[in-house]
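To start, the structure itself, in structure tokens.
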Amino acid sequence: MSAREALANLPLPPLLQPHRQSAAARDRFAKIYSRPVVLEVEGVTRTFTGESGPVRALERLSFQVHRRELLCVIGPSGCGKSTIGRIIAGLDEPSGGRVVVDGNEVRGPGRDRGMVFQGYTLFPWRTVLENVMFGLELAGKGKAAAESEARPWVDMVGLSAFANAYPHQLSGGMKQRVAIARALVNLPRILIMDEPFGALDAQTRAEMQAYLIQIWRNVEVSIVFITHDLDEAVYLSDRILVMGANPGRLLETVENWVPRPREPGHLDSELFVATKRRLESLIHRDRPQVVDRLPIVRMTMAGDDVE
């Protein structure tokens, strides 16, 4: 039995059961699975050296990403989400297994992959346009050619009016839009995003999610989006990779049946809520219950109880 067949036989919450046979969802995923596989993660393990000996961060992690797919990766803290992102980007090396992009094994950073981090990794001495130009200049293009190619990307992320502004003059959301444009200007096959909106306030985060979907619709790129926010994962993804911790491993790959195009109103729909609950159940099933075992130290002499 294949992994997809095994997934199809798993019990589902009642609200999700009718959607398994939905013609729209079936057709959408048939199209996704018919596209070429652009990213293959094959049995990747990663072991770090800790103070008390080896620490296994990832344990034989395997999955695929199809052309134009948006895959979200979720899981508890310490499950290796950022580690697998860095390995795909070529910023870290696996201890075992391999990562393949378009049939070529990843052996370091490359222009076929772009990465956006949670922190604002812009050069403070460069303007918005100059930050976006950086990768093109690094690839050997002259200033005039780099500027010509970078401007449409600045326009695409809605910052043409701020092309000559410096990072300190931008809001957090605007900085991340620059980072996205800088990652996309080299036309990567894969865009890895490691909790890129985690430091933003709720309103800006929602705006950035809308920007990302708009950009993704218009750019030839597959996205691996790492997040701890389950609402964000359901709102953005085609499929959701659910990881467990200690060591980091794949628990389940969940097809996201919430229809596209998605709008903020979907957040309250029964299907959206049921999908989120399914993700919560998977993560909590794997998480040890430690709260009752935590040492409690009373820091007040007050006699009134809070509960």
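Since every read-out is calculated from the coordinates, none of them should be taken as a lab result. Bear in mind the structure is a predicted one, so any value in this text is a computation, not a measurement. As a convention, Cβ positions derive from the backbone with ideal geometry for all residues, glycine included, and neighbour counts pool all protein chains shown.
Table for the structure above
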read-out	value
ILE223 long-range amide H proximity, modeled H, under 5 Å	GLU69, LEU70, LEU71, LEU191
Relative contact order %, the stretch 55-157, counting alpha carbon pairs below 8 Å whose residues are six or more apart	16
Residue of ALA57, ALA199, ALA245 that the Gaussian network model of the chain assigns the largest fluctuation, springs spanning Cα pairs under 10 Å	ALA199
Relative contact order computed over the chain (Cα-Cα under 8 Å; 6+ residues apart), in percent	23
Beta bridges by DSSP in the chain, antiparallel share as percent, to the nearest 5	55
Footprinting exposure proxy for HIS228, HIS66, HIS168 (fewest neighbouring C-beta atoms within 10 Å first)	HIS168, HIS228, HIS66
Rotationally averaged projected area of the stretch 68-153 (alpha carbon convex hull; nm²)	7.8
Backbone HN-Hα couplings from phi across the stretch 119-133 [Karplus 6.51/-1.76/1.60, Hz, Gly and Pro as x]	x, 7, 8, 8, 7, x, 8, 10, 6, 4, 4, 5, 5, 5, 6
Unsatisfied cross-links (Cα-Cα over 31 Å) in the set LYS31/LYS143; LYS31/LYS175; LYS141/LYS175	LYS31/LYS143; LYS31/LYS175
At R0 = 25 Å, FRET efficiency that the Cβ-Cβ distance of HIS266 and GLN214 yields, to 0.05	0.95
Structure-derived mean projected area of the Cα convex hull in nm²: which label, when the choices are (1) 19.9; (2) 20.9; (3) 15.4	(2)
Helix-derived mean residue ellipticity, 222 nm - over the chain, DSSP H n ≥ 4, -39500 (n - 2.57), to 500	-11000 deg cm²/dmol
Mean projection area, nm², convex hull over Cα of the stretch 113-269	10.4
Low-density loop cleavage sites - chymotrypsin sites (Phe, Trp or Tyr not before Pro) in the stretch 120-182, where at most 12 other Cβ are within 10 Å (DSSP)	TRP125
